[in-house]
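One structure is given below, represented as structure tokens, and several questions about it will come after.
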Amino acid sequence: MSDDQTAILDRYGVIGYPVAQSRSPFIHRLFADQTDQAMTYELIEAPEDKLDTIVRHFQRNGGRGLNVTVPHKTAITRLVDELSEEASIAGAVNTLELKSDRIVGHNTDGLGLVRDLTHHWQYDVGGKRILLLGAGGAAQGIVAPLLELEPEQLVIANRSIGKADALANHFGTLGAVRAIRFSDIRESDDPYDLIINATSIGLTDEKMPFPHIAITPRHSDCYDLGYGLSETPFMRWAATHDAARIRSGWGMLIEQAAESFRIWRGVTPDTKDVIKRLPIN
């Protein structure tokens, strides 16, 4: 492709810090090929103090949309001119729609998780006890969609109680939700059916900050919002402690990306075709 051809293509990308590990460019390239869309998709690394400048420079230079990854999902809300209903409820943004005169923030994380859990993993959340590990931007986007599936209880655990409490209070009207510290996780007569890791564990070599007694052997299913070409540290931890089933966030990544793609291009790609090409567990 010549430089002249590249210049006329609509530009999209993913912004974060770090961002080199993202597989989003590969996924959106498959979506574009599948749906015959003329576009590019790039990696954009941005420290928080330069986030505003980099986003607006991208917008002025042909940028039509951005996915937002760690650690910017909450901070990016201060840049947008308008929030979708999902992003407003979540208080976090993972997708930017860049128009000529304004920036619209969306959140497709919750929809992506629910589609992967229910359609691809065949998991019924209704009536289950769920433990959500972490209370940052990744967690914010999935709490409301999970509560809409009517679990028996959603427990949000975090290293410090402040963020977890804030989330529990924010979403408390939607269902049974409460907050605890990692250190407060105890063995219980009522085991957790599903444990979801929404921390940044896996991006670092940090030791797991939560106790293994969260897992009831051969009963608790474990889902990592993170993903990799091999097992994530959380997945290895879950396997070591005999979790019933274990899944990485590849399916969620693809499904949330498909919804971003629909927002940007007005067409929904076939996710099953893309999932076949990636190491889904």
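The values are calculated or read from the model by the stated rules, or taken from the named source; none is laboratory data. None of these values were measured; they are calculated from a predicted model. Every residue, glycine among them, receives a Cβ derived from its backbone with ideal geometry; neighbour counts consider all protein chains shown. Keep in mind that these areas ignore ligands, DNA and RNA; they rest on the heavy atoms of the full protein, side chains included. Shrake-Rupley method; radii C 1.70, N 1.55, O 1.52, S 1.80 Å.
Looking only at region 68-119, filter to residues that are β-branched (Val, Ile, Thr) and assigned to a loop (DSSP other than H, G, I, E, B); which one of those is farthest from Ile142 (Cα to Cα)?
Here the answer is Val80.
Out of curiosity, is Gln59 surrounded by 14 or more Cβ atoms within 10 Å (Cβ to Cβ), in contact with a Pro (Cβ under 7 Å, 6 or more places away or on another chain), on the phi < 0 side of the Ramachandran plot and assigned to a helix (DSSP H, G or I)?
Spelling it out, it is not the case that Gln59 is surrounded by 14 or more Cβ atoms within 10 Å (Cβ to Cβ), in contact with a Pro (Cβ under 7 Å, 6 or more places away or on another chain), on the phi < 0 side of the Ramachandran plot and assigned to a helix (DSSP H, G or I).
Report whether or not Arg60 is of a type in the set (D, E, K, R), in contact (Cβ under 8 Å) with a residue 60 or more places away in the chain and either over 13 Å from Ser260 (Cβ atoms) or in contact with a strand residue (DSSP E or B) (Cβ under 9 Å, 6 or more places away or on another chain) (or both).
Criteria not met by Arg60.
Kindly indicate which of Asp184, Asp193, Asp124 is touching a strand residue (DSSP E or B) at 6+ places or on another chain (Cβ under 7 Å) and of a type in the set (D, E, K, R).
Selected residue: Asp193, the only one of Asp184, Asp193, Asp124 that is touching a strand residue (DSSP E or B) at 6+ places or on another chain (Cβ under 7 Å) and of a type in the set (D, E, K, R).
I want to confirm something. Restricting to region 132-155 and keeping residues that are touching a Leu at 6+ places or on another chain (Cβ under 9 Å) and closer than 20 Å to Glu206 by Cα, which single residue is modelled with the lowest pLDDT?
The residue in question is Ala138.
Now for a separate question. Give Val93, Val143, Val125 a once-over and let me know the one that is surrounded by fewer than 24 Cβ atoms within 10 Å (Cβ to Cβ) and of a type in the set (A, V, I, L, M, F, W, C).
The unique qualifying residue is Val125.
Those residues that are more than 12 Å from Ile215 (Cβ to Cβ), of a type in the set (Phe, Trp, Tyr) and open to solvent by less than 10 Å² (accessible area, probe 1.4 Å), I need them from region 227-265; list them, please.
Within region 227-265, Trp250, Phe261 qualify.
Next question. What pairs come out if I take residues in region 257-275 that are touching a residue at least 12 places away in the same chain (Cβ under 8 Å) and pair them with residues that are part of a helix (DSSP H, G or I) and open to solvent by 50 Å² or more (accessible area, probe 1.4 Å) whose C-beta lies under 6 Å away, six or more apart or interchain?
Pairs that qualify, where the first residue is touching a residue at least 12 places away in the same chain (Cβ under 8 Å) and the partner is part of a helix (DSSP H, G or I) and open to solvent by 50 Å² or more (accessible area, probe 1.4 Å), are Glu259/Leu111; Pro269/Gln34.
So if I check each of Lys99, Lys163, Lys73, which one is touching a residue at least 24 places away in the same chain (Cβ under 8 Å) and open to solvent by 30 Å² or more (accessible area, probe 1.4 Å)?
The conditions single out Lys163.
So, one more: In region 68-86, which residues are over 13 Å from the mean Cα position of the chain (by Cα), over 18 Å from Glu259 (Cβ atoms) and aliphatic (A, V, I, L, M)?
Hits for region 68-86 are Ala75, Leu79.
Just give me the residues in region 166-181 being buried (at least 18 other Cβ atoms within 10 Å of the Cβ) and among the aliphatic types (A, V, I, L, M), in sequence order.
Hits for region 166-181 are Leu167, Ala168, Val177, Ala179.
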